[in-house]
C-alpha cells in the first residue's frame, strides 16, 4: 500500500478531492472490477446520460440541451451501454465537510432513482422481475465508504437504503490487522454491485416483455425549472 509507505499516512495529508480520487479511490475500484469485462467504470466528473435524457425530454427545440448530472464515477454495462451504479467522493478526507456529504447522499438517491426509471421506461417487462432489481450507489466521505441501494418494491414506491458502511485503514501500525476486514467488506460490496448488474441483464433479456399498468407508475425526479437568459 503506497499510501502508507515510509510510515507516512498520506490519506491524512492535505490534498484535493481530485488528487485523492486519482491516488487512492480509482486504484481500489479499478482493482475490484478489472476482471468484470461486461462492466466499465468511467472517471472524472462523468455525465449520467440517462439524467440528461430525462431533462431534455421537456425542452423545446430551440432550448440548449442539458448534459446531465456530473458524477465522480459511473459503472455501466458494456453490452447495453446502460448506466447501473454511481460513485461520489465527498471531498478529501483531510477536509471533511458535512454539508458536502449530505448533498452527495441526496444526489446519489436522485441518480439511483433516475437509473431505475430509465430501465423501467426503456426496457418494459415483467414487474415481478423488475421489483427484484436493486441499483447501488457508493459514497466515500471522511475515511468511510457508504453503499446505498434503491429498488421499487411496489409500483411507484421507491425504497432508498444504506446497505453497508465501513471504514478503511488509516493507521500504519494497524494496517495489517485491519486490512483483512477491509478487503472482505470491499469484496462484499463488489459482489452486490455485480449481482445488481446480473439482475438487470436477466430482466432486460427476458423474452417476456408484457407491459402493464405498473409501467405508468413512475415518479419523475423533480428538477429545477430552467431560467431563460435575457438577450
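Listed values, structure above:
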| item | result |
| --- | --- |
| Pairwise FRET efficiency - residue 178 versus residue 13, Cβ, R0 = 25 Å, nearest 0.05 | 0.85 |
| Label-to-label distance, nm, for residues given as residue 23 and residue 159 (7 Å Cα→Cβ offset) | 4.2 nm |
| Two-site label geometry, residue 42 and residue 191: point separation in nm, points 7 Å out along Cα→Cβ | 3.0 nm |
| Simple spin-label estimate for residue 167 and residue 206 in nanometres, 7 Å along Cα-Cβ | 4.2 nm |
| Largest-first principal axis extents of the Cα set of the range 108-193 (Å) | 53, 21, 18 |
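Any read-out appearing in this document is the output of simple, stated calculations on the displayed coordinates, not a laboratory observation. Treat the numbers as computed from the prediction; the structure is a model and nothing was measured. Virtual Cβ from ideal backbone geometry, glycine too; neighbours counted across all protein chains shown.
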